[in-house]
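Engineer: Structure below; questions to follow.
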Amino acid sequence: MTPPGEFPASEFPIGGCHPISEGVHVGERLRLMAVHAHPDDESSKGAATMVMYLADGADVVVVTCTGGERGSVLNPKLDRPEVWRNIAAIRREEMAHARAILGVRQEWLGFVDSGLPEGDPPPPLPAGCFGLLPVERAAAPLVRLVRELRPHVMITYDERGGYPHPDHLMCHRVSVAAFDAAGDPDRYPDAGEPWQPLKLYYHMGFTRERYQALHLAMLAEGLESPYEEWLARWVDLPDTGDRVTTRVRCDNYFTVRDDALRAHATQVDPDGTWFAVPMEIQRKVWPTEDYQLARSLVDTSLPEDDLFTGVRECVRI
Ligand SMILES: [Zn+2]
């Protein structure tokens, strides 16, 4: 199988459905599984895509690896001792609220948040946290869930985690490991009947091209851009814009995305940069959520505008 990030179009498998998928998908509902590190990640990465596919009749499940127990309180209005003390319980409530807004199913893997180590040098990760577990072991409950829920398409973070939080890196590793192992009867033999998802995507929403476009549109409207400083710093940082293979139009659902993100009230400042760009500008300038196709067992051609390209043909023959 081709490693992530090295998937030229010419190397895509030719000839339609993967042998495992032949027949078994016919007439079934399309199923999408998005694997995330913490509660709130599902609302800030790919949320509008999920709601769009739900509206289109697909089955969508969010898998949350950790409880977010070591997350900070990022909303100044909620930065109070009792909130910090009860953060684990509060984040479960926030997740329930966001889940209801999005309309998705959600499963917890039950791992413990690693926290974001800060300092120079950074302190070691706390014992027993998600980021320290061996991948083989940490992937086991996800393999079980993939076999039980049988997604056709999976979404996760790229090998850099989208940003370098140890739980995001681990989320990438376990997602790729589960994608590769779930269809193999010799791997995790006690974790259910094998099921091979057909495509694996990485989120690519955090690209310089997108923020640059939003920034210029804000200035053109005579508004203050929240991205000025960010973009100036970004010049020296790596960008993943050239890895985008798939742009999914989902701007009708951006407001649902924002409502779900606000439901994670401890994790986002409602007056902060997340919500600073007017909806009309976002919809006009960048109406898609963007992905990199990292694995495909079905025939497709790039660029794509649908995560289920090549899968629909297998499911609804
Ligand atoms: Zn996160």
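The values are calculated or read from the model by the stated rules, or taken from the named source; none is laboratory data. Because the structure is a prediction, the values reported are computed rather than measured. When we count neighbours, we look across all protein chains shown, and the Cβ atoms used for this are built from the backbone with ideal geometry, even at glycine. Remember, those area values only see protein heavy atoms, side chains included, never the ligands or the DNA or RNA. Shrake-Rupley method; radii C 1.70, N 1.55, O 1.52, S 1.80 Å.
Engineer: About its Cα centre, how strong a charge dipole does the chain have in debye, to the nearest 20, once Lys and Arg get +1 and Asp and Glu get -1 at the Cβ?
Structural biologist: 620
Engineer: On to the next question. Between the alpha-carbon centers of region 275-317 and region 182-235, tell me the distance in whole angstrom.
Structural biologist: If we compute the Cα centre of each part, the gap is 11 Å.
Engineer: Once every DSSP H run of n ≥ 4 in the chain is given -39500 (n - 2.57) and the sum is divided by its residues, what mean residue ellipticity at 222 nm do you get, rounded to the nearest 500 deg cm²/dmol?
Structural biologist: -9000 deg cm²/dmol
Engineer: In region 75-211, if the dipole is taken from +1 on Lys/Arg beta carbons and -1 on Asp/Glu beta carbons about the Cα centre, which of 101, 205, 138 is farthest to the positive end?
Structural biologist: After comparing all options, I get 101.
Engineer: What number comes out for the charge environment of residue 102, summing +1 per Lys or Arg and -1 per Asp or Glu over other residues with Cβ under 11 Å away?
Structural biologist: Spelling it out: positives minus negatives among the neighbours equals +1.
Engineer: Here's another thing I want to ask about it. First check a/c for the chain, with a ≥ b ≥ c the square roots of the eigenvalues of its C-alpha gyration tensor; if it is under 1.5, answer rounded, and if not, answer prolate when a/b is larger than b/c or oblate otherwise.
Structural biologist: oblate
Engineer: Give the shape of region 195-253 as rounded, prolate or oblate, defined through the alpha-carbon gyration tensor: a ≥ b ≥ c are the square roots of its eigenvalues, a/c under 1.5 means rounded, and otherwise the shape is prolate if a/b is larger than b/c and oblate if not.
Structural biologist: In terms of gyration-tensor shape, oblate.
Engineer: Counting only DSSP beta bridges with both residues in the chain, what percent are antiparallel, rounded to the nearest 5?
Structural biologist: 30
Engineer: Packing-wise, with mean Cβ within 10 Å as the measure, how do 286-295, 124-133 rank, highest first?
Structural biologist: Ranked from most to least packed, the peptides come out as 286-295, 124-133.
Engineer: Kindly rank 47-54, 82-89 from highest to lowest mean number of other beta carbons found within 10 Å of each residue.
Structural biologist: Ranked by mean Cβ neighbours within 10 Å, highest first: 47-54, 82-89.
Engineer: Using alpha-carbon pairs under 8 Å, 6+ residues apart, how would you state the relative contact order of region 56-133 in percent?
Structural biologist: Once divided by the residue count of region 56-133, the mean separation gives 40 percent.
Engineer: How would 148, 304 rank on accessible area, largest to smallest, probe 1.4 Å?
Structural biologist: Ranked from most to least accessible, the order is 148, 304.
Engineer: Using Cα-Cα distances under 8 Å and only pairs 6 or more residues apart, what relative contact order does the chain have, in percent?
Structural biologist: Computed over the chain, the figure is 29 percent.
Engineer: Something else about it: How do the peptides 191-200, 213-222, 178-187 rank, highest first, by the average count of neighbouring beta carbon atoms within 10 Å per residue?
Structural biologist: 191-200, 178-187, 213-222
Engineer: Treat every Asp and Glu Cβ in region 38-103 as -1 and every Lys and Arg Cβ as +1, leave all other atoms uncharged, and give the resulting dipole magnitude about the Cα centre to the nearest 20 debye.
Structural biologist: Roughly 260 debye for region 38-103.
Engineer: Is region 30-91 rounded, prolate or oblate when judged by the Cα gyration tensor, a ≥ b ≥ c being the square roots of its eigenvalues, rounded requiring a/c under 1.5 and prolate requiring a/b larger than b/c?
Structural biologist: Taking the square roots of the gyration eigenvalues as a ≥ b ≥ c, region 30-91 is prolate.
Engineer: Where is the GNM fluctuation largest for the chain (alpha-carbon springs, 10 angstrom cutoff): 117, 141, 238?
Structural biologist: Ranking 117, 141, 238 by mean-square fluctuation puts 238 first.
Engineer: Residues with beta-carbon under 13 Å from that of residue 262, excluding residue 262: net charge, scoring Lys, Arg +1 and Asp, Glu -1?
Structural biologist: That sum, taken over residues with Cβ under 13 Å, equals -4.
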